[in-house]
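See structure below.
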Amino acid sequence: MAVFVLIHGGGSTAWDWHLVSPLLEASGHGVVAVDLPIEDKNAGLEDYTRAVTDAVGDAEHTIVVGHSLGGFTAPLVCDELHSDGLVYLSAMIPMPGETFGDWWTNTGHDREAIPEEAYFNLVPEDLAQQATDRERDQQGAWMSGPWPGRHPDVPTLAILCRDDQFFPAPFMRRQVQQRLGIEPVEIPGGHYATLSHPDAVAAALNDFAQRTVRERS
């Protein structure tokens, strides 16, 4: 089976995956989730990548999953690990040379009407509070520089969360089609589907892992 490498979004922690991880493990997969050094203003994407690859070690048959801002890190990790697959979960999909700031206008997200409380819709109140209590100060001079990555030539999945208010479904569908040339898999849940609908997230990831196994065979 696969080893899922789970990368959290901006201002978040590996805790975001704590409901999904045991479901993946119950299906026979390995899981690696790590806190990125996001509070270090001097840490760049290469440092984020190193933090993840150091945690993965020599594990094989990895599938890298990036959530939200984690979409800037996940392709770099995928390349470094020579992974079997890459997953964008309600994630930003950068283009080579694009800055974090430019992504918002280039994708048209700046024209979206986003509700004030868009992050934790559908997340149970106690979990939303725990997530909020764990929020960290996202830093990074890297955000003003060009993204140094590319879209790896590996099986790639984009998961669209139908109830996402921060990256609404029509916006995400358009971003995935234009930037990856694929159709997203749609699941229920908001931006933090890992907390509101972990079963749906795990099922989509497990299906993708089985697909990568078939393509390796």
**Request:** Could you please report the charge total around residue 157, scoring K, R as +1 and D, E as -1 over all other residues with beta-carbon less than 13 angstrom from its beta-carbon?
**Result:** -4
**Item:** residue 39-residue 95 pseudo-label distance in nm [points 7 Å out on the Cα-to-Cβ vector]
**Value:** 3.6 nm
**Request:** Compute the FRET efficiency between residue 59 and residue 182 as 1/(1 + (r/R0)^6), taking r as their Cβ-Cβ distance and R0 = 22 Å, and round to the nearest 0.05.
**Result:** 0.25
**Prompt:** So, with +1 on the Cβ of K and R and -1 on the Cβ of D and E, and no other charges, what is the size of the charge dipole of the chain about its Cα centre, to the nearest 20 debye?
**Reply:** 620 debye
**Asked** What is the set of long-range amide H partners of residue 35 at a cut-off below 5 Å, with H atoms built 1.01 Å from backbone N?
**Response** 14
**Prompt:** Based on the Cβ-Cβ distance of residue 216 and residue 111, what FRET efficiency does E = 1/(1 + (r/R0)^6) give at R0 = 30 Å, to the nearest 0.05?
**Reply:** 0.15
**Fill in**
Contact order relative to length for region 3-216, counting C-alpha pairs under 8 Å separated by 6 or more residues, stands in percent at 24 percent
**Item:** Kirkwood hydrodynamic radius of region 99-217, from inverse mean 1/r over distinct Cα pairs, in Å
**Value:** 16.3 Å
**Fill in**
Contour minus Cα-Cα span, residue 137 to residue 104, at 0.36 nm per residue, comes to 9.9 nm
**Request:** Give the long-range amide H neighbours of residue 158: residues separated by 5 or more places, or on another chain, with amide H under 5 Å away, using H modelled in the peptide plane at 1.01 Å from N.
**Result:** 88, 185
**Item:** Which labelled figure in (i) 22, 20, 18; (ii) 35, 20, 17; (iii) 31, 18, 16 is semi-axes √(5λ) of the Cα gyration tensor in Å, once derived from the coordinates
**Value:** (i)
**Prompt:** Where does the charge balance sit around residue 171 when Lys and Arg score +1, Asp and Glu -1, over other residues with C-beta under 10 Å from its C-beta?
**Reply:** +1
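Quick note: the coordinates plus some simple rules give every number you see, no bench work behind them. Everything numeric here is computed off the predicted structure, so don't read it as measured data. Every residue, glycine among them, receives a Cβ derived from its backbone with ideal geometry; neighbour counts consider all protein chains shown.
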